[in-house]
Amino acid sequence: MKPANQPRGLLRVAFVGAGNMARLHLHALRRVRTAHTVVGVHDTNENAARQFATLAGAMSYNTLQQLLAEAQPHLVHVCTPAGTHFEPARQALLAGVNVYVEKPFVETVREARELLALAAKQGLLVCAGHQQVRDPAYVALLRRLPELSDIVHVDGYFTFQPVGVSAERAGARILAAQLLDVLPHPLSILVDALERVAPDREAIEIAALTTSPTGLHAMFRANERYGRLTVSLRARPIASLLSVSGIGGTLTADLLRTSVVGAANPGTGPLEKAANAFVEAWQLAVRSAAGVAGRVLRGGDYPGLAELIGEFYAAVASGGLAARCAAQRAGRFSQRWRAFSFSASRVRTFPRSGSACSSVRVAAATDWIALSNSG
């Protein structure tokens, strides 16, 4: 079935929320090939809405209902603050409008299921804004996975600089809130990689979980494949690395430098042992320089953002099945994410309590498995 609101001609786009993330979306639209026009914006801050409307060459509306009724968009970007995504997304779907929802998708498993069910009922598409799964470095890594033969392990290592505070001096709750804010991206890309290499993508479960207000360490099991995720607000230097190891070697995607490094051989022979370090050093220098230059030329977009938005726009315009499947994958991850982030938020309250951490591990793993089996 094609989306009920499949457009004819120019794609009409609206925004709910006019803050920094909405501006980043607007900036990324310059690289989206599907013909479109921004027709309206609503924000509870009327001044912010007017400024955004001026940038976009669109109208600002006092209410969401007015935006949906008068601007008649084909799709809406929900860029409101975290914790407020569900209601505008639901209202847009009820009005027959496709929705792109910025991360974190929603706050509860029930909300995620409700939005996906409503979209299916209305014949509409929902896209969760986990753009790292369309990051050029990650996409390049996926293309090379066959070189590694049978995949054994996926490792994600991500470090972030807290925004506006010191990781050494800020309070636990402030730091934990920032940790939860950045977690969807590392978690989404690790889960996506595991889903692609595991024989049964629904079999992913949490094997171990340790958290603090400034960091998270998690181990995942997917049949005979394993994943490890480390996210830290304190470790330096800043890094965003995803490594995939198989019986044929290892490849590492550097999401900051938009490059993939790795000799992709077992490294068991004398020549491989000697040459691999030189091969990888050359790759690191050349590909990092090219990747950074490419990011500068793209004008500072979040890597993967324009690509994910572009794929979603093309899906809305065509009613393509492939993008519907992509939307379902994003929705499935969003349900898993809510169980996972709920566990982290509970540890945030008791950062030094071993018993609390143990109960959270059990609860998180149980929720994860239940959500995976629910499909």
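How would you rank 180-187, 57-64, 245-252, 286-293, highest first, on the average number of other Cβ atoms within 10 Å across their residues?
Details: 180-187: 22.1, 57-64: 17.0, 245-252: 18.5, 286-293: 14.6.
Highest-to-lowest ranking by the protection proxy: 180-187, 245-252, 57-64, 286-293.
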Quiz item: Looking only at region 30-45, which residues have a backbone nitrogen under 20 Å from a spot 7 Å from the Cα of residue 62 in the C-beta direction?
Solution: 40-45
Exercise. Using only Cα atoms, locate the centre of region 207-227 and the centre of region 253-315, then give the distance between them in Å, rounded to an integer.
Key: 25
Practice problem: Distance from a point 7 Å along Cα→Cβ of residue 268 to each backbone N in region 141-169: keep the residues under 16 Å and list them by number. | Solution: 148-152
Practice problem: Apply 1/(1 + (r/R0)^6) to the Cβ-Cβ distance of residue 165 and residue 44, taking R0 = 22 Å, and write down the FRET efficiency to the nearest 0.05. | Solution: 0.30
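Is region 1-67 rounded, prolate or oblate when judged by the Cα gyration tensor, a ≥ b ≥ c being the square roots of its eigenvalues, rounded requiring a/c under 1.5 and prolate requiring a/b larger than b/c? Mind showing how you got there, number by number?
On the way: a/c = 2.21, a/b = 1.42, b/c = 1.55.
Oblate shape, in that a/c is at least 1.5 and b/c is the bigger or equal ratio.
Taking the Cα centre of region 136-302 as the origin, how large is its charge dipole in debye, to the nearest 20, when only Lys and Arg (+1) and Asp and Glu (-1) carry charge on their Cβ atoms? Don't skip to the end; give the middle numbers.
Numbers: 16 positive and 15 negative charges, 104 e Å.
With Lys and Arg at +1 and Asp and Glu at -1, about 500 debye.
Between residue 282 and residue 181, what FRET efficiency follows from the Cβ-Cβ distance if R0 is 35 Å, with the result rounded to 0.05? Write out the running numbers ahead of the final one.
Numbers: r = 37 Å, r/R0 = 1.05.
That pair, residue 282 with residue 181, gives E of 0.45.
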Practice problem: Determine the shape class of region 136-302: with a ≥ b ≥ c the square roots of the Cα gyration tensor eigenvalues, call it rounded for a/c under 1.5, and otherwise prolate if a/b is greater than b/c, oblate otherwise. | Solution: oblate
Self-check item: Rounded, prolate or oblate (a/c below 1.5 giving rounded, otherwise prolate when a/b exceeds b/c) for region 45-197 by Cα gyration tensor
Solution: oblate
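What's the FRET efficiency of residue 205 with residue 35 using the Cβ-Cβ distance as r and R₀ = 30 Å, to the nearest 0.05?
On the way: r = 43 Å, r/R0 = 1.44.
About 0.10, to the nearest 0.05.
No lab work stands behind these numbers, since they all come straight from the coordinates. None of the values given here were measured: they were computed from a predicted structure. Every residue, glycine as well, gets a Cβ built from its backbone with ideal geometry; the counts of neighbours run over all protein chains shown.
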